[in-house]
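Notes follow once the structure below has been shown.
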Amino acid sequence: MRSFFILIGLLFTGGMASAQSIIPVPVHTEKGSGVFTFGKATDFVVPDGQPEIRKYAEELSRYTGLTPAAVVQKKGKNPAVVFRLGKDDKLGEEGYILDVKGNEISLTANTRAGIFNGIQSLRQLLPPQLENRKTAFTGAVTVPQCRITDYPRFKWRGLMLDVSRHFFTADEVKDFIDRMAQYKFNVFHWHLTDDEGWRIEIKSLPRLTEVGAWRVERYGAFGDTRPYPKEGEKATYGGFYTQDQIRDIIRFAAERNITIVPEIDLPGHSMALLAAYPELSVKKEPKFVNPGSKFAEWYGNHEFRMLIENTLNPADENVYTFVDKVMTEVAGLFPGEYIHMGGDECYHGYWAENTGVQEFMKKNNLKDTKELQAYFVRRVNDIIASKGKKMIGWDEILDGGGLPKSTAVMSWRGMDGGIKAAKEGHYVVMTPTTYAYLDYTQGDKSVENPIYADLSLAKSYELDPTPEGVDPKYVLGGQGNLWTEVIPTLQFAYYMAYPRALAVSEKLWSPKNASTFTDFVNRLENTFERFNQAGVSIAKTIYEPEVTVTGKDGRYYLELKTEIPGAEVFYSLDNTYPAKFSTKYTGPVEIPEGRLRLRTQTYKDGKELGRELIIPREELIKRAK
C-alpha cells in the first residue's frame, strides 16, 4: 500500500522546517526552544481499540526508520509519539492539538480524521529530504518544539479532477488523492463523464464503457486542429474504472479523510453517453466520442452554439429510466452524501427545434427551455433522492426555478450563483473561475501554455468563499477545479494544480485573514523543496516577473513586478543578454520602437529565480491595456 506520508528517509544533514512553514497556516502556534529526536528507543503510544490510528503510527514509525514499530498502549520512560482521543468542542471533527516537547510528541484529537490532519502538520515539520524515496534513512530526524492548535474553517475543502478529457489510471487517481490529503483537502470531486469519455463502469448499461470510454487518438491542443473521426477509424484512446477499482479508490480515500463526490454530467456534455446510446438524444443520429475536436461556437459570457448534438432529450421518458439505472449503481458504490449531476453548459437549440419536445413543454406548462431544463433537474434530483443521496450541481441548475431546497449548488460562474442559491436556502460550494480554475494559464504566456484565461497564484490566494451578501451558514466551503483539456499526464496535472491548490487549501482551512500573501510565499520555500525531493514538478511561476504593458498616445510603457520578498528584477530591451548583467528595474520604462525583444528575470541574493522571459516587441504591444 502506498504510504500515507511518503517519508522514506535519508541522512538529514542540516536545515529544519518550523511550525511557521506549515500550509495551510494553523489556527494557533506557539514556538518552543528545543527539538524532539526520533531514535531507536522511540515508542508510539496508541489508544486500545483504534486499529486505524495504529496503522498511522506504524506508517510514521516505518518511514522515520524505526522498524519494527514500537507500538504500545501506555507511555513509559522512552521518548514517545503519543496519540490521544479526547472531547474538545473547539476541535470539532477534524481539528487537533500537536504538542512537541523534548521527550514527547503529543497528538490529540476528537476523531481519527483529526489525528490524520495532525500527522500532516507533523510531516511538514520533518526534514524535506525525507520525501526522497530513493535514499535509505541512516540517521535521526529532529522536530522543532512547538504547540499547534488547529481546526478547519469550512467542512468542504475540495479538489476536482477531470478524467474525461484525459484519462488517468486508478493508481494515478490514488496518487492525486494522496497528495491532496497532505494539505488537508477532504473532498475529491471526481468528474467521471463528459463529451470526451465515460469513465465509470455501469453494469446494467455495458455500452457506456464498451463504446463511450474510447475515442480516436488525436494530439495537440483541443479545437479545430483535431479532426473528427474518419469513417472506420478505430477508437484506441481512453479507459474506465471498474466498480472494483472504484471501491478500492474509495477505501484508499477514506483512509486519508477524503470523501469522493462522483459527477455524472447531465443533460449536456453527453457525447460519450450518446455515442453508446444515441436513441436518448433528440435527433437520435449516430454520435462519436469527441476526440477534442471543435464542436461548439463560443460567443463569450457563457453563450455558445453546439455544432454537434451532445444533450439528452428531456421529453423522453426512456432518458429517466436510463438515469435511474446509472444513479442506482453510482449510489451503491459511493458512500458519500452527495452525487453531482453536472447541469452546466447545456445547449437548448435542439430542444427548441424539435416538435416533440415543444409538445411536451406545452403539456407540462413549461414556458421556455430554461424551465424544461429545470424540469429535467428536478426529475434527476428525485431519482438521486430515491437512492438515499443528495444532489449537487453547477450553478446553471438554478436557471428556470423550482430547485428543491435539499439540492446544493456549486458556484463556478463567479460568486453570484452561490449568493443567489444561499439566499434561496441552498447549501453552496464556492468554486469560481476567477480564483479556483487551476487549468488556467498561471504564468507568462511566453513560457506557459496559453489558453483562454489566466489565473495567478496571487489571485487564487484572494479566494473568500463568504463574499459580501452571502449568509455564511449556507456556505459548505469551496474547491479548486482541474479541467484536463491541456493536461495529458499526472506530472503535468501536479504542475498545473500546485501551488495554486495550496492557496485554495489555506483559504478553506485557515481562519479568515490568518496570513498574508507575502507570508504564504515565504512558506512556499519549504513546500517547493518537499515536492522537489518527492520528484514532483510543480509550478514556480511565482519566481518569474509579472509583465504589464500600458499604452497612451501611441507610446507604450513596460512595468515589471515580483511577488518574492527581497527579490530584484533585471531586464534588457536592446537584444542583449544575460539579463543579470542588464538593467535593474526600478519603475515604468518606455518601450522603444524597433526590432527588439524584452529579456527579463528575477534574482535574489545574486541567484536566478525562475525562468528568463523573452518576449518580442510586437507581442508586448499586443498586451497593451
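Miscellaneous remarks
- Selection count, segment 543-566, where residues are touching a helix residue (DSSP H, G or I) at 6+ places or on another chain (Cβ under 9 Å) and open to solvent by less than 20 Å² (accessible area, probe 1.4 Å): 3
Each row is one residue, and each column tells you yes or no for (1) of a type in the set (Lys, Arg); (2) closer than 30 Å to Pro291 by Cα; (3) open to solvent by less than 30 Å² (accessible area, probe 1.4 Å); (4) not in a loop (DSSP other than H, G, I, E, B).
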{"position": "Pro465", "(1), (2), (3), (4)": "no, no, yes, no"}
{"position": "Gly469", "(1), (2), (3), (4)": "no, no, no, no"}
{"position": "Gln491", "(1), (2), (3), (4)": "no, yes, no, yes"}
{"position": "Met496", "(1), (2), (3), (4)": "no, yes, yes, yes"}
{"position": "Val504", "(1), (2), (3), (4)": "no, no, yes, yes"}
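- Counted residues, segment 82-98 - those being in contact with a Lys or Arg (Cβ under 9 Å, 6 or more places away or on another chain), surrounded by fewer than 19 Cβ atoms within 10 Å (Cβ to Cβ) and closer than 23 Å to Thr42 by Cα: 1
- Some residue of segment 452-462 being at pLDDT 95 or above, surrounded by fewer than 20 Cβ atoms within 10 Å (Cβ to Cβ) and in a strand (DSSP E or B): yes
- Residue in segment 303-312 that is touching a Phe, Trp or Tyr at 6+ places or on another chain (Cβ under 9 Å), of a type in the set (Ser, Thr, Tyr), at pLDDT 95 or above and open to solvent by 10 Å² or more (accessible area, probe 1.4 Å) present: no
Okay, residues lined up against (1) touching a Phe, Trp or Tyr at 6+ places or on another chain (Cβ under 7 Å); (2) touching a residue at least 24 places away in the same chain (Cβ under 8 Å); (3) surrounded by 18 or more Cβ atoms within 10 Å (Cβ to Cβ):
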residue	(1), (2), (3)
Ala221	no, yes, no
Pro227	no, yes, no
Lys234	no, no, no
Tyr241	no, yes, yes
Asp248	no, yes, no
Ile260	yes, yes, yes
Asp265	no, yes, yes
Ala275	yes, yes, yes
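- Residue check for Leu208: assigned to a helix (DSSP H, G or I), open to solvent by less than 10 Å² (accessible area, probe 1.4 Å) and either more than 30 Å from Ser106 (Cβ to Cβ) or free of Cβ contacts under 8 Å to residues at least 12 places away in the same chain (or both): yes
- Qualifying positions in segment 120-146 - at pLDDT 85 or above, more than 16 Å from Arg530 (Cα to Cα) and of a type outside the set (S, T, N, Q): Pro144, Cys146
- Within segment 384-406, if we keep just the residues that are among the aliphatic types (A, V, I, L, M) and open to solvent by less than 30 Å² (accessible area, probe 1.4 Å), the residue that is nearest to the chain's Cα centre (by Cα) turns out to be Ile392.
- Breaking point among (1) part of a helix (DSSP H, G or I); (2) more than 25 Å from the chain's Cα centre (by Cα); (3) under 30 Å from Leu490 (Cβ atoms), for Ile621: (3)
- Subset of segment 35-62 that is part of a helix (DSSP H, G or I) and open to solvent by less than 50 Å² (accessible area, probe 1.4 Å) - its residue that is nearest to Arg112 (Cα to Cα): Ile53
- Residue within segment 586-600 that is of a type in the set (A, V, I, L, M), in a strand (DSSP E or B), touching a residue at least 60 places away in the same chain (Cβ under 8 Å) and open to solvent by less than 50 Å² (accessible area, probe 1.4 Å) present: no
- The set of residues from segment 514-542 being open to solvent by 40 Å² or more (accessible area, probe 1.4 Å) and within 23 Å of Gly566 (Cα to Cα) comprises Ala514, Thr516, Thr518, Asp519, Asn522, Glu525, Glu529, Asn532, Lys540.
- Any hit, segment 334-351, residues being in a helix (DSSP H, G or I) and open to solvent by 70 Å² or more (accessible area, probe 1.4 Å): no
- Any pair with Cβ under 7 angstrom, 6 or more apart, that starts in segment 47-73 at a residue that is touching a residue at least 40 places away in the same chain (Cβ under 8 Å) and ends at one that is among the charged types (D, E, K, R) and open to solvent by 40 Å² or more (accessible area, probe 1.4 Å): Glu52/Arg112; Ile53/Arg112
- Scanning segment 96-114 finds no residues that are on the phi > 0 side of the Ramachandran plot, assigned to a loop (DSSP other than H, G, I, E, B), in contact (Cβ under 8 Å) with a residue 12 or more places away in the chain and more than 22 Å from the chain's Cα centre (by Cα).
The values are calculated or read from the model by the stated rules, or taken from the named source; none is laboratory data. None of the values given here were measured: they were computed from a predicted structure. Note: ideal-geometry Cβ built from the backbone for every residue, glycine included; neighbour counts use all protein chains shown. Each accessible area value is taken on the protein alone, full model and side chains, heavy atoms only, with ligands, DNA and RNA left out. Shrake-Rupley method; radii C 1.70, N 1.55, O 1.52, S 1.80 Å.
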